[in-house]
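Written out below as structure tokens is the structure these notes cover.
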Amino acid sequence: MVDKRVGNADQAIGDIPDGATLALGGFGLCGLPENSIAALVRKGVKNLICISNNAGVDEFGLGLLLQNRQIKKVIASYVGENKLLEQLLLSGELEVEFIPQGTLAEKLRCGGAGIPAFFTPTGVGTVIAEHKEIREIQGRHCVLEESLTADFALVKAWKGDSYGNLIFRKTARNFNPLCAMAGRVTIAEVEELLPVGALDPDSIHLAGIYVKRIYQGSNYVKPLEKRVIKD
């Protein structure tokens, strides 16, 4: 087994070049690779293609990369909380590809599993299915969707060990494992980096075989996307 620990976020993302395709874990503002994104901002890498369930907000997550105009294209299922993204899209400065949420999850899962494409009924009869193969399967029309892979995956976990085994916390588990599987080089930041053997094998959500680098993050903000007060 290989010790996959690196010292910090800047070392972990140091070889990400301009024009790279990134898969970034998280759901809403939960489970985002905050430290890795901040390191990308410092590095100033440009023309990124970012695959993410959503695009963060103006001051957090992918919003920080959008502010610096470091992203060329966003592939996502929901971008409604990011006003800057809306402005960049309407002005033609940013390309955005919308994918239904379940389809996006499956495209990443299939990419990680080595499955090049799959058929799904989701999107048939809409613009989602334009210029794609449609086939009737078991009495239902289905559209062919190609899987997604990325040059690098940036994910955030609750706990991990030096071999790269990861445990996610609650909602943060949704897209992080899928992005990790789809990345050719997966970089994980964790709140707690533990020695090998400290994690219960039955509690591990993602095996270390998918992770190439791991480091312990710090100064997590974990903002609330919407604050709701009940009278």
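Screening residue 30 on (1) more than 25 Å from residue 159 (Cβ to Cβ); (2) surrounded by fewer than 22 Cβ atoms within 10 Å (Cβ to Cβ); (3) in contact (Cβ under 8 Å) with a residue 24 or more places away in the chain shows it passes everything except condition (1).
Does region 168-187 contain at least one residue that is in contact with a Phe, Trp or Tyr (Cβ under 6 Å, 6 or more places away or on another chain) and open to solvent by 80 Å² or more (accessible area, probe 1.4 Å)? Yes, that holds for at least one residue.
Taking region 104-142 as the range and being closer than 22 Å to residue 79 by Cβ, touching a residue at least 24 places away in the same chain (Cβ under 8 Å) and touching a strand residue (DSSP E or B) at 6+ places or on another chain (Cβ under 9 Å) as the test, the residues that pass are 104, 106, 107, 108, 111, 120, 128. Residues that are open to solvent by less than 60 Å² (accessible area, probe 1.4 Å), touching an Asp or Glu at 6+ places or on another chain (Cβ under 8 Å), hydrophobic (A, V, I, L, M, F, W, C) and in a loop (DSSP other than H, G, I, E, B) within region 199-231 comprise just one, 199.
Screening region 53-78 for residues that are within 14 Å of the chain's Cα centre (by Cα) and in a loop (DSSP other than H, G, I, E, B) and picking the one that is modelled with the lowest pLDDT gives 56. Looking only at residues in region 130-150 that are in contact with a Cys (Cβ under 8 Å, 6 or more places away or on another chain) and small (Gly, Ala, Ser), which one is nearest to residue 183 (Cα to Cα)? Going through the qualifying residues, I end up with 150. For region 152-171, the set of residues classified as among the aromatic types (Phe, Trp, Tyr) and assigned to a loop (DSSP other than H, G, I, E, B) consists of 163, 168, listed by residue number. Do we have residue 173 as over 18 Å from the mean Cα position of the chain (by Cα) and under 19 Å from residue 54 (Cβ atoms) here? For residue 173, the condition - over 18 Å from the mean Cα position of the chain (by Cα) and under 19 Å from residue 54 (Cβ atoms) - is not met.
When region 3-20 is filtered for residues that are outside any loop (DSSP other than H, G, I, E, B) and open to solvent by less than 30 Å² (accessible area, probe 1.4 Å), the ones remaining, listed by number, are 9, 12.
Residues satisfying the criterion are present in region 87-106 (criterion: open to solvent by less than 50 Å² (accessible area, probe 1.4 Å) and within 30 Å of residue 193 (Cα to Cα)).
Yes or no, residue by residue, for (1) without any contact (Cβ under 8 Å) to a residue 60 or more places away in the chain; (2) of a type in the set (A, V, I, L, M); (3) touching a strand residue (DSSP E or B) at 6+ places or on another chain (Cβ under 6 Å):
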site: 165; (1), (2), (3): yes, no, no
site: 172; (1), (2), (3): no, yes, yes
site: 199; (1), (2), (3): yes, yes, yes
site: 213; (1), (2), (3): no, no, yes
site: 221; (1), (2), (3): no, yes, no
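Among the residues of region 39-52, those identified as outside any helix (DSSP H, G or I), open to solvent by less than 10 Å² (accessible area, probe 1.4 Å) and more than 16 Å from residue 175 (Cβ to Cβ) are 45, 48.
The values are calculated or read from the model by the stated rules, or taken from the named source; none is laboratory data. Computed from a prediction, not measured in an experiment: that's the story for all the values here. Here Cβ is always computed from backbone atoms with ideal geometry, including for glycine, and neighbour counts include all displayed protein chains. Side chains included, ligands, DNA and RNA excluded: accessible areas come from the protein's heavy atoms. Shrake-Rupley method; radii C 1.70, N 1.55, O 1.52, S 1.80 Å.
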